[in-house]
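The values are calculated or read from the model by the stated rules, or taken from the named source; none is laboratory data. Just so it is clear, the structure is predicted and the values come from calculations on it, not from any experiment. Backbone-built Cβ (ideal geometry, glycine too); neighbour counts: all protein chains shown. Only protein heavy atoms, including side chains, enter the accessible area calculation; ligands, DNA and RNA are left aside. Shrake-Rupley method; radii C 1.70, N 1.55, O 1.52, S 1.80 Å.
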Amino acid sequence: MDRAEIIHENFLRRVREGDLPPGQGSATLAGAGLSETDLVGIFRSQVLSRQLDRVSRKLQARGEGYYTIGSSGHEGNAALAAAFRPTDMAFLHYRDAAFQIQRSSQVPGQTPLWDMLLSFTVSSDDPVSGGRHKVLGSKVLAIPPQTSTIASHLPKAVGAAYSIGIAKRLRPEHKTLPDDAVVLCSFGDASVNHSTAQGAFNTAGWTAHQGVPLPLVFICEDNGIGISTRTPGGWIEASFGARPGLAYFRCDGLDVLATYRVAREVAAYVRGRRKPAFLHLGCVRLYGHAGADVQTAYMSRAEIEADEANDPLLHTARSLIEQSVLTADQVLEIYSETGERTARVAEAAIKRPKLRTAGEVMASLIPPGRDCAPTNGPSAEARAAAFGASDMRAMKQPQHMAKLINFALTDLMLEHREIVMAGQDIGPKGGVYGLTQRLHDRFGPARMINTLLDEQSILGLAIGLAHNGILPIPEIQFLAYLHNAEDQLRGEAATLPFFSDGQYTNPMIIRIAGLGYQRGFGGHFHNDNSLAVLRDIPGVVIACPSNGRDAVHMLRECVRLAREEQRVIVFIEPIALYMTRDLHAPKDGLWTCPYPEPGAGDPIPLGRIGQHGEGTDIAILSYGNGYHLSRQAGKILSEDHGLKARIIDLRWLAPLNEAAILDAVEPCAQVLIVDECRITGSQSEALMALLTERAGHAPSLRRIAAADSFIATGPAYGATLPNRDQIVETVLDMLG
Ligand SMILES: Cc1ncc(C[n+]2csc(CCOP(=O)(O)OP(=O)(O)O)c2C)c(N)n1
Ligand SMILES: [Mg+2]
């Protein structure tokens, strides 16, 4: 017989016979601070969670359901929900259906059974993901949906907890969390070992250690195993019992009275002291890991039966009967009636529509726009005071990109109080390349967060801040180090609107210093020239300015895109161009410009490409350093060879404005693509494909891209990269 059926039969029999598992202590309703009605409510949530698991398994066997991972054995988390408020944002473990059901009872008008069945049967009516995923979550219950990557939600939970104190001060327009909220974050016992989780625990402790408020409850649901790998006995206590900055609490999650009592203590501690805690909740795993998992392959029958004997529903039945809240018959009545109702409602849920077309699936890749109150920049006096006399003077002089970005960031922060920057060394030092100099003085440590050295924590912080209406501009110090935290962008930030049907968003602008050509400095890790991991992330905008003026206008557009359109944007800053002043000859100053003040100059909306020259002999398509080099080559081609090129700066690498590119190259019979990134996975691949497939006049097409190599330090720094002379020679070759 199926283990789920055995567990079901055992429940009926043991309650009927009064053969209930012993509790560990003498927990009472009064001791726990629960009313009889509360306890019955918690039991009902537990039972509904269980019956949902049972019916889901049956639906799956019939090919009507897709939900394979269950909550059985973890239903004690219903008591956790009861101890917190429905406005305490909860980033949940995938076994927390009972938590969500219990939380539904704290908010009027909820229909958890129907909603969850719609999700488990992936109907497009599913109120959380619109049928995109079998997932827990709810907008009204402050439960953002989680992707299936274990531990990846912990860094953003730290960020959301961190946001509460900042939002209390900044009062961002789209603030969602109350000032006295706490954040909950649950996960399994195997997941605590993940480096992403360890980073989050460390960040929470590091933050709390400095007295910064961090009202966060980590909840470890310890069933002793992760798929088939046992957690060593005592490991969780040993690792978390005395972790700096993190108060440790423990309770028996099989016993809802004990769980509720301890959870209340935790809630009082975290809410009152604004400090993080770690709640270690003991539980069991029933039904194996997920649908297809056969536990007998790695567990003995005795071990499986020992867990089943500790079914948390039996434990709650004991409490109810012992405390004379319900009779055994009433317990069985709730169980059976809930089971029948669940099965009945499931038959209706499977008839609801499902997503069918690519358009339907993709409808939430790009988040919806949101209304934003008009902003008034600061008064002229306030602005002058913030910048100071020397910067006000400097703005009128030609400046390089680094300085212009610094001015633009200052103006954006003056205009939008909800902007918060975060990164390694961005505080008093002003960043490795001085991009954020003086911003710490101007805006203080709450808006210029000098983070610890952990890229996952930086991006997680940004995601969490964005959940509470703050507009984060996190910085990754060097492009190569984005990879240490790629999942936070790829698996979390980019997917949130998709899996929440656009209800949850985390708009942000990730500034990343990157690309090659730093003369002899740094080697590969400071000159990483590949954007491949960014290019294929659906919905993410990639901006890459080639000069300071564009950088200013594009940053402004990025802030608009994030504020009003809730987009996730990666802003790639070519390091080698930060301090570049000249184009053709030393001291020509052609790569500098005076600061375009807010409102002045031509804006650069998303997708607008740049073009230099109207020549039709050849179109050169490039961006970043490649554009700078192409401009140098263009002069030589014109002056020495009489060839007229048009040189196009893509500026926005994703999404590519294909129509604008095709239009721009249309009058030219020849097209050269100059791409400074490694050829494999580079932008040039998409451009070659676009021009081959779509350019009607089939232009003669070539490309120069970087070799598939890492970059060397020293004189050979540019050996694998496109250069000016190569561009000139290639064009001459193409034009005969
Ligand atoms: C980063 C990552 N690696 C691997 C997996 C596959 N996986 C899914 S659940 C799981 C075990 C998790 O165990 P635990 O944290 O104890 O939670 P439990 O399932 O026991 O509740 C693994 C390895 C994953 N989802 N994410
Ligand atoms: Mg586990």
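Key figures for this structure:
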item	result
Considering residues of region 198-219 that are hydrophobic (A, V, I, L, M, F, W, C) and either farther than 24 Å from residue 455 by Cβ or open to solvent by 50 Å² or more (accessible area, probe 1.4 Å) (or both) only, the residue nearest to ligand 1 (Cβ to nearest atom)	219
Residue in region 269-281 that is open to solvent by 10 Å² or more (accessible area, probe 1.4 Å), within 12 Å of ligand 2 (Cβ to nearest atom) and assigned to a strand (DSSP E or B) present	no
Residue list for region 143-164, restricted to those being assigned to a loop (DSSP other than H, G, I, E, B), of a type in the set (A, V, I, L, M) and surrounded by 23 or more Cβ atoms within 10 Å (Cβ to Cβ)	none
Subset of region 178-197 [in a loop (DSSP other than H, G, I, E, B) and either open to solvent by 10 Å² or more (accessible area, probe 1.4 Å) or among the small types (Gly, Ala, Ser) (or both)]	178, 179, 180, 181, 190, 194
Where residue 299 falls short, out of the listed (1) surrounded by fewer than 22 Cβ atoms within 10 Å (Cβ to Cβ); (2) under 33 Å from the mean Cα position of the chain (by Cα); (3) within 13 Å of ligand 1 (Cβ to nearest atom)	(2)
Out of 119, 129, sole residue that is crowded, with 21+ Cβ neighbours inside 10 Å and assigned to a loop (DSSP other than H, G, I, E, B)	129
Subset of region 220-238 that is under 26 Å from residue 89 (Cα atoms) and within 15 Å of ligand 1 (Cβ to nearest atom) - its residue that is nearest to the chain's Cα centre (by Cα)	220
Total residues in region 637-679, condition among the acidic types (Asp, Glu) and open to solvent by 30 Å² or more (accessible area, probe 1.4 Å)	5
Residues satisfying the stated conditions in region 315-329, i.e. in contact with a helix residue (DSSP H, G or I) (Cβ under 8 Å, 6 or more places away or on another chain) and without any contact (Cβ under 8 Å) to a residue 24 or more places away in the chain	327
Number of positions in region 131-180 that are farther than 15 Å from residue 465 by Cβ, away from ligand 2 (no atom under 16 Å from the Cβ), of a type in the set (A, V, I, L, M) and within 15 Å of the chain's Cα centre (by Cα)	1
Residue in region 414-429 that is within 18 Å of residue 596 (Cα to Cα) and assigned to a helix (DSSP H, G or I) present	yes
Tabulated pairs, region 172-201, first within 18 Å of residue 267 (Cα to Cα) and among the small types (Gly, Ala, Ser), second part of a loop (DSSP other than H, G, I, E, B) and more than 16 Å from ligand 1 (Cβ to nearest atom), C-beta under 6 angstrom, 6+ apart or interchain	181/87; 181/88
Members of region 282-325 that are of a type in the set (D, E, K, R) and either closer than 22 Å to residue 191 by Cβ or outside any loop (DSSP other than H, G, I, E, B) (or both)	285, 293, 301, 303, 305, 307, 308, 318, 322
Filter pass, residue 527 being modelled with pLDDT under 95 and open to solvent by less than 10 Å² (accessible area, probe 1.4 Å)	yes
Where a residue in region 204-231 is in contact (Cβ under 8 Å) with a residue 24 or more places away in the chain and on the phi < 0 side of the Ramachandran plot and its partner, wherever it lies, is open to solvent by 60 Å² or more (accessible area, probe 1.4 Å) and within 16 Å of ligand 1 (Cβ to nearest atom), with Cβ under 6 Å and at least six apart	228/298
Qualifying position, being under 30 Å from residue 569 (Cβ atoms), of a type outside the set (S, T, N, Q) and modelled with pLDDT of 95 or more, among 643, 637, 653	653
Flag if residue 417 is charged (D, E, K, R) and either open to solvent by 40 Å² or more (accessible area, probe 1.4 Å) or touching a residue at least 60 places away in the same chain (Cβ under 8 Å) (or both)	yes
Some residue of region 532-554 being open to solvent by 30 Å² or more (accessible area, probe 1.4 Å), assigned to a loop (DSSP other than H, G, I, E, B) and out of contact with any Pro (no Cβ under 6 Å at 6 or more places or on another chain)	yes
Filtered residue count, region 58-97, keeping only those that are part of a helix (DSSP H, G or I) and surrounded by fewer than 21 Cβ atoms within 10 Å (Cβ to Cβ)	3
Hits in region 252-268 - residues which are in contact with a helix residue (DSSP H, G or I) (Cβ under 7 Å, 6 or more places away or on another chain) and either surrounded by fewer than 23 Cβ atoms within 10 Å (Cβ to Cβ) or assigned to a loop (DSSP other than H, G, I, E, B) (or both)	252, 253, 254, 255, 261, 264, 267
Residue within region 566-580 that is open to solvent by 30 Å² or more (accessible area, probe 1.4 Å), among the basic types (Lys, Arg) and at pLDDT 95 or above present	no
